[in-house]
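The values are calculated or read from the model by the stated rules, or taken from the named source; none is laboratory data. Computed from a predicted model, the values in this text were never measured in an experiment. Don't worry about glycine lacking a Cβ; one is built from the backbone with ideal geometry, like all the others, and counts go over all protein chains shown. For accessibility, only protein heavy atoms count, side chains too; no ligands or nucleic acids. Shrake-Rupley method; radii C 1.70, N 1.55, O 1.52, S 1.80 Å.
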Amino acid sequence: MSETETAPAVASTATGRRRIPTRYLVLSLIFIITAINYADRSSLSITGSSISAELGFSTVQLGYIFSAFSWAYVLGQLPGGVLLDRFGARRIYALSLALWTVVTAAISLVGLITTPVLVAVTIVFALRLLLGVFESPAFPANARVATTWFPTAERGRATAVFNSAQYFATALFAPVMGWITHEFGWRWVFIMLGVLGLTLAVVWSRWMDSPRHHRRVTPAELDTMTTGGALVDLDEARTRAEQRAPLDRRTIAKIFSTRPLWGVYISQYAVNALTYFFITWFPVYLVEGRGLSLLEVGFVAALPALCGFAGGLAGGFVSDALLRRGASLTAARKIPSVTGMALATSIALCSLTDSSALIVAIMTLAFFGKGLGALGWAITTDIAPPQATSFVGSTMNAFGNAAGIVTPIVIGYTVQATGSFDTALWFVAAHGVLALIGFAVMGKIKRIEFDTREKTA
């Protein structure tokens, strides 16, 4: 019997309304946590000028501070994945959220006691390094939760929802943090984020559980999940012990020699290269390359974020709709992915026009396409071996976020060498083509299975 057929049994007797499936509440919670995650990591870009003015940071010093997060975030991916596979998402996510929140809130204390500028720079740099380390398990944990709680036919939209939180965070928190900084000072931004993060850590710890033991999950919903392909026992202690692949050289060699995973790594790197262009050089391009004022940039920069949010949701929902209509898993995931990244290559057309309105329209289309094609997390949950789901997710996230190190630096050198953004725009657009190559390398999308009975070398 389906979940919807048993609705009267789980409906509220007082109101007669159908009960919201618990997995949707779980998804809402990780969406909110992910939005806070991105607000924390972007907080310094909003408050940076005020912090520099008060504490005396130079532009070069602030640049080093900006870079600290990405380096630590990439390096923290594999250890974070190992911890998730060993201890499960519930405990590691709660610890991760609490730690990154404390680190974020601690920035508000810097400079309260008079210290030399170099000491203040060192403290903020170290806190941003820790932020990158402590946030590193977040997205692999999101993917693990989606694998555990959602049937295959719903996983595309589930991963699209939590992935789209990055765009939602930009659209919502950037103006809020800007207003708080203007009205009350930059320290209150970090205090606000600290209160929100610690509240969510408590909510997660007290409310979250595995599907079989969650007090709100009905037998009908559990049956819907299990029969639909959700790995509901993935975070059970016994399952983790039985399925966890030993991370010896043989297991790691298997992971890194699997062709579909390399397709995911390549495509995710390409998708993130476009993301990091938009969150680093895009405002500078509008000001220096197109002559827009800072006020205009503040409004214009929100448009791609909103369209990326819409595209991100559309990609997941279209993918799952194709599955429901009988398309293969490969077709359902690749059709929106290929279409979206093909649209993203349109960013190169900005170098062919001087119309600011047309440039904004092209950028908005490209970011919508980037959101539409960003199904890397859905594909990872579809193909990652059960024995190492979080390790594979963390590896994918490490490859993807390496673009946050490479892309801003390459664009900076390119603009310096050529004196314009034209070549840089073609460089960014080329990543759309690189993503298409990644989808081709990926081949057929299906879950990878390792034989846990094999003896290690």
Given the C-alpha centroids of the stretch 341-420 and the stretch 316-335, what is the distance between them in whole angstrom?
22 Å
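Excluding residue 258 itself, what net charge comes from residues whose Cβ is under 12 Å from its Cβ, given Lys and Arg +1 and Asp and Glu -1?
On the way: positive: 254, 259, 446, 447; negative: 449.
Charge balance in the 12 Å sphere: +3.
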Count the net charge of all other residues whose Cβ sits under 9 Å from the Cβ of residue 330, scoring Lys and Arg as +1 and Asp and Glu as -1.
+4
Quick one: what are the phi-derived ³J(HN,Hα) couplings along the stretch 133-142, Karplus 6.51/-1.76/1.60 with θ = phi - 60°, whole Hz, x for glycine and proline?
5, 6, 7, 4, x, 4, 5, x, 5, 4
Once you charge only the Cβ atoms, +1 for Lys and Arg and -1 for Asp and Glu, what is the size of the charge dipole of the chain about its Cα centre, to the nearest 20 debye?
1180 debye
With angles folded into 0 to 90 degrees, how steeply does helix 152-184 sit against the dominant principal axis of the chain? Use alpha carbons for both and round to 10.
30 degrees
Measure off 7 Å from each Cα along the Cα-to-Cβ vector at residue 331 and residue 64, then give the distance between these two points in nanometres to one decimal.
5.6 nm
Out of these labelled values of volume of the Cα convex hull per residue in Å³, [x] 303; [y] 162; [z] 139, which was calculated from the coordinates shown here?
[y]
From a point 7 Å beyond the Cα of residue 410 in the direction of its Cβ, which residues of the stretch 325-369 have a backbone N at a distance under 13 Å?
none
In square angstrom, rounded to the nearest 10, how much accessible surface does residue 262 have for a 1.4 Å probe?
90 Å²
Cα-projected label distance for residue 339 with residue 310, points at 7 Å along beta-carbon direction, nm:
1.5 nm
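In debye, nearest 20: dipole of the stretch 79-211 around its Cα centre with unit charges on the Cβ of K, R (+) and D, E (-)?
On the way: 9 positive and 5 negative charges, 46 e Å.
Result for the stretch 79-211 is approximately 220 debye, rounded to the nearest 20.
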At 0.36 nm per residue, minus the direct Cα-Cα distance, what do residue 114 and residue 184 gain on full extension? Give it in nm, one decimal, please.
23.2 nm
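Suppose all protein chains stay in the model; what accessible area per residue would a 1.4 Å probe give for the chain, in Å²?
43 Å²
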Work out the charge dipole of the chain with +1 on the Cβ of Lys and Arg and -1 on the Cβ of Asp and Glu about the Cα centre, then indicate which of 104, 50, 327 is farthest towards its positive end.
327
At residue 422 and residue 95, where each label point lies 7 Å from the Cα along Cα→Cβ, what is the point-to-point distance in nanometres?
5.4 nm
Residue 354 accessible area, nearest 10 Å², 1.4 Å probe?
130 Å²
Charges only on Cβ, +1 for Lys and Arg, -1 for Asp and Glu: so what's the dipole of the stretch 34-134 about the Cα centre, in debye to the nearest 20?
280 debye
Between 430, 441, 161, whose Cα lies farthest towards the positive end of the dipole of the chain when Lys and Arg beta carbons carry +1 and Asp and Glu beta carbons carry -1, centred on the Cα centre?
441
For residue 384, other-chain or 5+-apart residues with amide H closer than 5 Å (H placed, Pro excluded) are 448
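Given 20 °C and 1.002 mPa s, how large is the Stokes-Einstein diffusion coefficient of the stretch 312-457 in µm²/s, with Rh as the Kirkwood radius over Cα pairs?
Values: Rh = 17.1 Å.
So the translational diffusion coefficient is about 125 µm²/s.
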Ignoring ligands, DNA and RNA, how do 183, 236 rank by accessible area with a 1.4 Å probe, largest first?
183, 236
Choose one of 191, 152, 140: the residue whose Cα lies farthest towards the positive end of the charge dipole of the stretch 120-197 (beta-carbon charges +1 Lys, Arg; -1 Asp, Glu; about the Cα centre).
152
